[in-house]
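J.: Below is the structure I would like to discuss, written out as structure tokens.
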Amino acid sequence: MPPAAARFSWQWLGLILFGAVLGASLATVRLAHQLDRLTLDNALLMDEVERLAGELASRERALTASRRAPVRSVQVELETPLQEHVRLHIEEAVHDLLAHLVGDEIDSLNPALIEKALQRTLHVDKQDFAVAPTLIVIGSTLYVRLKVQEGPVAVAP
């Protein structure tokens, strides 16, 4: 009986090895499909990273360029309805006050100083008008919106 017992154990060993090889083959096929999917996902994510890095670099260049950008013009808007000639005189006076800022770098401007410089009384056609800024936007165009009231500026204690 020893030869039959030896043959029997070799058959079992052969079946076990065949099952192991078959299982490994099936696992490899299944994992290969998942590996292909993960490789494609990784490539898509790398493309997205490159696109976002390029966009970030572009925005950083634009931000750096805007920091060094000078004021190119001054725009004045009055939100109070006035007679046309009074409005023109006030706009011209305010524009003259701010004209020296054209050419200065945007980052060097101080909005608080501009606000204080614009809070004043202007004399037009024998009348006093109190001028106060309501909006100051500093950019390549210095934009100022003003509220104008008849009478001198009231000084706060």
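The values are calculated or read from the model by the stated rules, or taken from the named source; none is laboratory data. Quick caveat: nothing in here was measured; it's all calculated off a predicted structure. Note that we place each Cβ from the backbone using ideal geometry, even for glycine, and neighbour counts take in every protein chain shown.
J.: Could you please let me know if Ala27 is more than 30 Å from His100 (Cβ to Cβ), under 37 Å from the mean Cα position of the chain (by Cα), surrounded by 10 or more Cβ atoms within 10 Å (Cβ to Cβ) and modelled with pLDDT of 85 or more? Steps first, answer last, please.
T.: On the way: more than 30 Å from His100 (Cβ to Cβ): yes; under 37 Å from the mean Cα position of the chain (by Cα): no; surrounded by 10 or more Cβ atoms within 10 Å (Cβ to Cβ): yes; modelled with pLDDT of 85 or more: yes.
No.
J.: Among the numbered criteria (1) at pLDDT 85 or above; (2) out of contact with any strand residue (DSSP E or B) (no Cβ under 6 Å at 6 or more places or on another chain), which one does Asp107 miss?
T.: Failing condition for Asp107: (1).
J.: Count, please, the residues in the stretch 48-68 that happen to be exposed (fewer than 12 other Cβ atoms within 10 Å of the Cβ) and at pLDDT below 80.
T.: Going through the stretch 48-68 one residue at a time, the tally reaches 6.
J.: Go through Ala43, Ala62 for me and flag whichever is farther than 30 Å from Ile114 by Cα and either of a type in the set (Gly, Ala, Ser) or touching a helix residue (DSSP H, G or I) at 6+ places or on another chain (Cβ under 6 Å) (or both).
T.: Selected residue: Ala43, the only one of Ala43, Ala62 that is farther than 30 Å from Ile114 by Cα and either of a type in the set (Gly, Ala, Ser) or touching a helix residue (DSSP H, G or I) at 6+ places or on another chain (Cβ under 6 Å) (or both).
J.: Which number in (1) over 18 Å from Leu135 (Cα atoms); (2) surrounded by fewer than 10 Cβ atoms within 10 Å (Cβ to Cβ); (3) of a type in the set (A, V, I, L, M) marks the one condition that Ala112 misses?
T.: (1) is the only condition that Ala112 fails.
J.: From the list Leu135, Leu122, Leu146, which one is of a type outside the set (Val, Ile, Thr) and modelled with pLDDT under 90?
T.: Result: Leu122 is the single residue among Leu135, Leu122, Leu146 that is of a type outside the set (Val, Ile, Thr) and modelled with pLDDT under 90.
J.: Just give me the residues in the stretch 105-130 being under 19 Å from Arg72 (Cα atoms), without any contact (Cβ under 8 Å) to a residue 24 or more places away in the chain and part of a loop (DSSP other than H, G, I, E, B), in sequence order.
T.: Answer for the stretch 105-130, where residues must be under 19 Å from Arg72 (Cα atoms), without any contact (Cβ under 8 Å) to a residue 24 or more places away in the chain and part of a loop (DSSP other than H, G, I, E, B): just Asn110.
J.: Moving on to the next point. Can you tell me which of Val71, Val86, Val102, Val76 is in contact (Cβ under 8 Å) with a residue 24 or more places away in the chain, within 15 Å of Gln149 (Cβ to Cβ) and surrounded by 10 or more Cβ atoms within 10 Å (Cβ to Cβ)?
T.: Val86
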